[in-house]
Amino acid sequence: MKTTGVLIIGSGIGGIAAAIQLAQNPQRKIIVLNRSPDVHESNTFWAQGGIIRRGPGDSAGLLIQDILAAGAGASLPESARILAEEGPRLLDDVLIGQAGVQFDHESNGELSYGQEAAHSRRRIVHVGDGTGAAISRGLVALLKNYPNIEVLPNATAVDLITYPHHSRDPLDNYRPIRCHGAYVLTAPARPFIALWPPSLFLPRAAWDVYFGIQPILRVRAAMVLPWPRVPVRASSTPNIFNSTRLRWRLQERKAS
């Protein structure tokens, strides 16, 4: 059984960026899981298209308009605003400044911008047709600078250990959902291990679950409140694929 302050499932751009940001506190221990032997393996790595920056004659307002128009009413305006206002700055700071991603440039040395899909301006930057691979390599290379980040390859997140779903008391199903850790299948021995927050007895432990790939729909919030009373242990045959309980969890998701 392993313990950690932060568990990140998936090592794409979201997972690695979250790990690097959280690792700025050297006292915080972070574990990143990847089900592949290669930590670069992710949806990010295989992305051929570019990424949004802010090109000449562009603005956050124009990008918001393009996103909402392309979404045809299904895009959350607040999310579009955050992406449009903060995205270009973070690209410059994290991907170019820290990870050293070498995006394509024009002959005059300026970044080369493309205009794609529903974008009304030239604002997409590329690294040839392997932008995702370049971003992934740059971010993963940064991990060596943070000794408080541990990467576990060959580790598949099977289920989250949640209270009350793993409690033996049926009345606990009426309590709020708490998350304590995760069942993780590792190779080559492939045992199940439970990753557990170290500060179980604090009233609110700073233990977050971030998903590069979200394995369980029932977890709806990043910050969780550990519940110290229920002793959940690792098992070689955990009962986590019960169809009735899965239906309950999906109903909980729909009800929210």
query: Within the range 17-38, restricting attention to residues that are under 23 Å from Tyr183 (Cβ atoms), touching a Leu at 6+ places or on another chain (Cβ under 8 Å) and aliphatic (A, V, I, L, M), which residue is surrounded by the fewest Cβ atoms within 10 Å (Cβ to Cβ)?
result: Ile31
- prompt: Out of curiosity, is Glu116 over 27 Å from the mean Cα position of the chain (by Cα), of a type outside the set (Gly, Ala, Ser) and surrounded by fewer than 19 Cβ atoms within 10 Å (Cβ to Cβ)?
  reply: no
message: Step by step: first the residues of the range 3-15, then only those that are of a type in the set (A, V, I, L, M, F, W, C) and under 23 Å from Ile161 (Cα atoms), then the one that is surrounded by the fewest Cβ atoms within 10 Å (Cβ to Cβ). Which residue is that?
response: Val6
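Could you please give the count of residues in the range 39-60 that are in contact with a Leu (Cβ under 6 Å, 6 or more places away or on another chain) and either over 16 Å from Leu91 (Cβ atoms) or β-branched (Val, Ile, Thr) (or both)?
Summing the residues that are in contact with a Leu (Cβ under 6 Å, 6 or more places away or on another chain) and either over 16 Å from Leu91 (Cβ atoms) or β-branched (Val, Ile, Thr) (or both) in the range 39-60 gives 0.
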message: Looking at Ala194 and the list (1) among the aliphatic types (A, V, I, L, M); (2) modelled with pLDDT of 95 or more; (3) in the same structural domain as Val6 (by TED's automatic domain parsing), which single condition is not satisfied?
response: (2)
task: Please specify each residue of the range 133-171 satisfying the condition of being assigned to a helix (DSSP H, G or I) and out of contact with any helix residue (DSSP H, G or I) (no Cβ under 8 Å at 6 or more places or on another chain).
output: Ala133, Ala134, Arg137, Ala141, Lys144, Asn145, Pro170, Leu171
message: Being of a type in the set (A, V, I, L, M, F, W, C), within 22 Å of the chain's Cα centre (by Cα), at pLDDT below 95 and surrounded by fewer than 19 Cβ atoms within 10 Å (Cβ to Cβ): is that true of Val158 here?
response: yes
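Select, from Leu152, Leu83, Leu68, the only residue that is surrounded by 13 or more Cβ atoms within 10 Å (Cβ to Cβ) and closer than 30 Å to Ala187 by Cα.
Selected residue: Leu152, the only one of Leu152, Leu83, Leu68 that is surrounded by 13 or more Cβ atoms within 10 Å (Cβ to Cβ) and closer than 30 Å to Ala187 by Cα.
Yes/no matrix, rows are residues, columns are (1) over 26 Å from the mean Cα position of the chain (by Cα); (2) in a helix (DSSP H, G or I):
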| site | (1), (2) |
| --- | --- |
| Gly61 | yes, yes |
| Ser79 | no, yes |
| Gly87 | no, yes |
| Leu95 | no, yes |
| Gly100 | no, no |
| Asn108 | yes, no |
- request: Would you check if Ala17 is closer than 27 Å to His119 by Cα and in the same structural domain as Gly100 (by TED's automatic domain parsing)?
  value: no
- prompt: For Gly55, all conditions in the list (1) under 21 Å from Ile13 (Cα atoms); (2) surrounded by 15 or more Cβ atoms within 10 Å (Cβ to Cβ); (3) out of contact with any Pro (no Cβ under 7 Å at 6 or more places or on another chain) hold save one; what is the number of the exception?
  reply: (1)
query: With (1) touching a residue at least 60 places away in the same chain (Cβ under 8 Å); (2) within 25 Å of Val101 (Cβ to Cβ); (3) out of contact with any strand residue (DSSP E or B) (no Cβ under 6 Å at 6 or more places or on another chain) as the list, and Gln24 as the residue in question, which single condition is left unmet?
result: (1)
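The values are calculated or read from the model by the stated rules, or taken from the named source; none is laboratory data. Nothing here was measured: the structure is a model prediction, and the numbers come from that model. Note that we place each Cβ from the backbone using ideal geometry, even for glycine, and neighbour counts take in every protein chain shown.
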